[in-house]
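The values are calculated or read from the model by the stated rules, or taken from the named source; none is laboratory data. Not measured: the values here are computed from a predicted model. Heads up, the Cβs are rebuilt from the backbone with ideal geometry, glycines too, and the neighbour counts pull from every protein chain shown. SASA here: full protein model, heavy atoms, side chains in, ligands and nucleic acids out. Shrake-Rupley method; radii C 1.70, N 1.55, O 1.52, S 1.80 Å.
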Amino acid sequence: MSKKHLDGRQNPLDADAPDDDVERWLNRVHEHFGSGWLDATGTNTVQMLWKRRDMLATSELVSLGHALERLSGHPAWLRGQVRIAKGKDTNNAGGAIFEILALGNFDVTDAAVVPAKASQPGFDGTLVFKSGGRFILSLKRYG
């Protein structure tokens, strides 16, 4: 895999982690947000992180890319969240990024997360366990 997104960035993972993982997750951000938008001058948090090359910025982008990858089974929901995240309303943009990150972190080996429909009031997703159990997720972003 080419290292075009990791080039010139500090790798936030330890030496035992393959660069290919970091590159793949950075590529997820690039695929979903698009190079034109990422490289444009703007004040969106994701755009500002993309331009930075330090370890902290790369770590945040890796977390976002990992969540995007984990949620790839929900392409329509993901497209909607990315559209909101790229928007001018900073509160809604921050909320969309928070939902992607949070729901992506809930998607684990023994359970899968199902994002709620846009029109669903009261909760943001359902955690469905392999055993058949379900857990309703209501995400709140403060600050």
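A few notes on this one:
- Among residues of the stretch 69-84 that are farther than 15 Å from Gly125 by Cβ, those with a beta-carbon under 6 Å from a residue that is open to solvent by 20 Å² or more (accessible area, probe 1.4 Å) at least six positions away or on a different chain give the pairs Glu69/Arg28; Val82/His32; Ile84/Asn92.
- Only one of the numbered conditions (1) under 17 Å from Val46 (Cα atoms); (2) without any contact (Cβ under 8 Å) to a residue 12 or more places away in the chain is not met by Gly94, and that is (2).
- Scanning the stretch 105-122 for residues that are surrounded by 13 or more Cβ atoms within 10 Å (Cβ to Cβ) and either in contact (Cβ under 8 Å) with a residue 12 or more places away in the chain or not small (Gly, Ala, Ser) (or both) yields Asn105, Phe106, Asp107, Ala111, Ala112, Val113, Val114, Pro115.
- Taking the stretch 1-106 and the helices (runs of 4 or more DSSP H) fully enclosed by it, the elements with 2 or more residues that are at pLDDT below 90 are at 19-33, 90-106.
- For Lys130, the conditions (1) closer than 24 Å to Gln47 by Cβ; (2) surrounded by fewer than 17 Cβ atoms within 10 Å (Cβ to Cβ); (3) among the basic types (Lys, Arg); (4) in contact with an Asp or Glu (Cβ under 8 Å, 6 or more places away or on another chain) are fulfilled apart from (1).
- Look at the stretch 30-48: where a residue is free of Cβ contacts under 8 Å to residues at least 40 places away in the same chain and surrounded by 11 or more Cβ atoms within 10 Å (Cβ to Cβ) and a partner is among the aliphatic types (A, V, I, L, M) and outside any loop (DSSP other than H, G, I, E, B), sitting 6+ places away or on another chain with Cβ atoms under 9 Å, you get His30/Leu38; Glu31/Leu68; Leu38/Val29; Leu38/Val46; Gly42/Met48; Gln47/Leu38; Met48/Ala57.
- Candidate set from the stretch 58-104 (those that are open to solvent by 10 Å² or more (accessible area, probe 1.4 Å) and hydroxyl-bearing (Ser, Thr, Tyr)); member that is nearest to Arg24 (Cα to Cα): Ser63
- Filter result for Asp21 (open to solvent by 60 Å² or more (accessible area, probe 1.4 Å) and acidic (Asp, Glu)): no
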